[in-house]
């Protein structure tokens, strides 16, 4: 019995010894050189498995160490490694099975930042080696010369459809792509000491931050920056509002459970932070875990300096552990200002505000500022409710048409506007051109937009007022250009009035000056679209005195519009303002003044439930209720002809108004 026991022990020892004979001299790579953790499967630590997979260690087919990995029947086992796009991936792994009729595979799978596999880049190797009683495994190789540019991690995986899948010595090397540019030349880099070769010079650390120079994780040069523990480091760069900031930086950490962040912030010249929304463009979470093979990961930030910005700050923020950083490179591209164009025969004075608000009447807070400008170095800013205006004397010999070109912008669209107002000698408003300003100063392209207001000059105009106004903050303008064109007006119309006399309409007008005038056309319309000539009245021709004319319209409509066409002997002409008159058989409702520029007052002996304004297309443009004095604010309406429906408890009235 004793001899049998000795013989059995000897045979058992003989059977087991060959398992160590096949151990390789090179177990793949040292742990410090292997991007995979526990590549020798001395345990199952760091290896993940799909649901239902029976994965364990075994010792019958180990190549190096005491253990090997084993999928018992079907399953999927993997480990992820963070990488940079373009990295070279090379790995070796040993594998084997008892049953080659089953499917066994090794994979390299690449994933983007959205955790989506980039399936077109998958690397697959069939493992079809059948183990023998000697206990050896076969070596396999997987590689990728350049990982996809949008890859952030690679997964090494092995799969079995059944039977045993034995694996050992999984060894991966990751070679990051060499930076195409180690930041940028110093002359082009807005950041100073961006590669930390000069220690921590030019960088400011907040109180309690341990920031120092280091060298194990340098990307370019021989040094990198290192926040040891929690803290913030930053550097500020001067710029102008509207400048575009683009930045690249390399970062990494040992502990991705901590918060590490790159951030762009903008400040005023006085050091006040300008609050802007946090976006993936200007704030980036740095979550790359460093390794010997892949030291740091490149990150990109960008942003546009908001209005009022005088400097940009790059902050490097760590909540703990190591935050390694290198090759900080910032480019700043100033906003391109509009081209300053010459304005010939400009009637405005100090149109570019280089002399402050001189020649401009102002209400509210009006300043000149150098933040944005078209011509010169300043623009005018209405910082809150108020107005600015300039009055230009006008005589008919200057022409019959006006054009105002002006650059303007707002921070928010809130009823800011530019107007050209025509006034007679009694300061009565004869007409208005209105342009709402809706260009946001921070919208693309940054800064101003050119606006144009053009139109005919009403007869009798003696003053043209250019006015900008706002009910809130803010309105900025620059480089206004006011010019006149067209032939001189044939007559200077002093007055034009229309009134009801029973069932007829009486038109009376007078001139104070006529030169080569030929005749007047008395024109009539019921809708403001189609105009008919009621009569032709011969003009005085030449006159420097007051001359009065009249005409009676014996068959007016319920709604009537009247105007004069003043025609010269050489057939040049100009139109008067439009007058309206209503014969609706009900004098219980009336409106005045008409035409109007800012408010419309309603007279009624009954309550008014609604007032609806329609343009000439019949489109509803405003629905309003009168205030306590029965007035409606119509300043938001553009110049033109409108139909209004006035609803009260008894009836609905349709009246034409002219603004």
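Mind checking which residues of region 101-121 are surrounded by 15 or more Cβ atoms within 10 Å (Cβ to Cβ) and in a helix (DSSP H, G or I)? Within region 101-121, just 121 meets the criteria.
Restricted to strands (runs of 3 or more DSSP E) entirely inside region 122-185, those with at least 2 residues that are under 37 Å from the mean Cα position of the chain (by Cα) and closer than 14 Å to residue 86 by Cα are 153-160.
Under the condition of being more than 30 Å from residue 517 (Cβ to Cβ) and in contact with a strand residue (DSSP E or B) (Cβ under 6 Å, 6 or more places away or on another chain), the residues counted in region 450-490 number 17.
Test residue 290 against the criterion of being closer than 24 Å to residue 374 by Cβ and touching a strand residue (DSSP E or B) at 6+ places or on another chain (Cβ under 7 Å), and give yes or no.
Details: closer than 24 Å to residue 374 by Cβ: no; touching a strand residue (DSSP E or B) at 6+ places or on another chain (Cβ under 7 Å): yes.
Criteria not met by residue 290.
Screening residue 614 on (1) at pLDDT 80 or above; (2) out of contact with any strand residue (DSSP E or B) (no Cβ under 9 Å at 6 or more places or on another chain) shows it passes everything except condition (2).
State whether the residues of region 265-275 include one that is within 30 Å of residue 29 (Cα to Cα), surrounded by fewer than 17 Cβ atoms within 10 Å (Cβ to Cβ) and in contact with a strand residue (DSSP E or B) (Cβ under 8 Å, 6 or more places away or on another chain). Spell out how you get there, then give the answer.
Let us first name the residues in region 265-275 that are within 30 Å of residue 29 (Cα to Cα), namely none.
There is no residue in region 265-275 that is within 30 Å of residue 29 (Cα to Cα), surrounded by fewer than 17 Cβ atoms within 10 Å (Cβ to Cβ) and in contact with a strand residue (DSSP E or B) (Cβ under 8 Å, 6 or more places away or on another chain).
Scoring residue 271 on the criteria (1) at negative phi; (2) without any contact (Cβ under 8 Å) to a residue 12 or more places away in the chain leaves a single failure, condition (1).
Taking the condition surrounded by fewer than 17 Cβ atoms within 10 Å (Cβ to Cβ) and either touching a helix residue (DSSP H, G or I) at 6+ places or on another chain (Cβ under 8 Å) or in a strand (DSSP E or B) (or both), does residue 363 pass? Considered against the rule, which asks whether it is surrounded by fewer than 17 Cβ atoms within 10 Å (Cβ to Cβ) and either touching a helix residue (DSSP H, G or I) at 6+ places or on another chain (Cβ under 8 Å) or in a strand (DSSP E or B) (or both), residue 363 comes out as yes.
Among the residues of region 155-163, is there at least one that is closer than 22 Å to residue 324 by Cβ and out of contact with any strand residue (DSSP E or B) (no Cβ under 7 Å at 6 or more places or on another chain)? So that I can check it myself, show each step before the final result.
Going through region 155-163, the residues closer than 22 Å to residue 324 by Cβ turn out to be none.
Among the residues of region 155-163, not one is closer than 22 Å to residue 324 by Cβ and out of contact with any strand residue (DSSP E or B) (no Cβ under 7 Å at 6 or more places or on another chain), which makes the answer no.
Just one of (1) under 25 Å from the mean Cα position of the chain (by Cα); (2) over 19 Å from residue 358 (Cβ atoms) fails for residue 424. It is (1). Of the residues that make up region 413-436, is at least one surrounded by fewer than 19 Cβ atoms within 10 Å (Cβ to Cβ), under 30 Å from residue 311 (Cβ atoms) and modelled with pLDDT of 90 or more? So far as region 413-436 goes, no, none of its residues is surrounded by fewer than 19 Cβ atoms within 10 Å (Cβ to Cβ), under 30 Å from residue 311 (Cβ atoms) and modelled with pLDDT of 90 or more. Counting only strands (runs of 3 or more DSSP E) wholly contained in region 526-578, the ones carrying 2 or more residues that are at pLDDT 90 or above occupy 532-538, 547-553, 559-568. Scanning region 366-407 for residues that are surrounded by 15 or more Cβ atoms within 10 Å (Cβ to Cβ) and not in a strand (DSSP E or B) gives 371, 372, 373, 374, 375, 376, 378, 394, 396, 398, 399, 400.
The values are calculated or read from the model by the stated rules, or taken from the named source; none is laboratory data. Here the structure is a predicted model, which is why all the values come from computation and not from measurement. Every residue, glycine among them, receives a Cβ derived from its backbone with ideal geometry; neighbour counts consider all protein chains shown.
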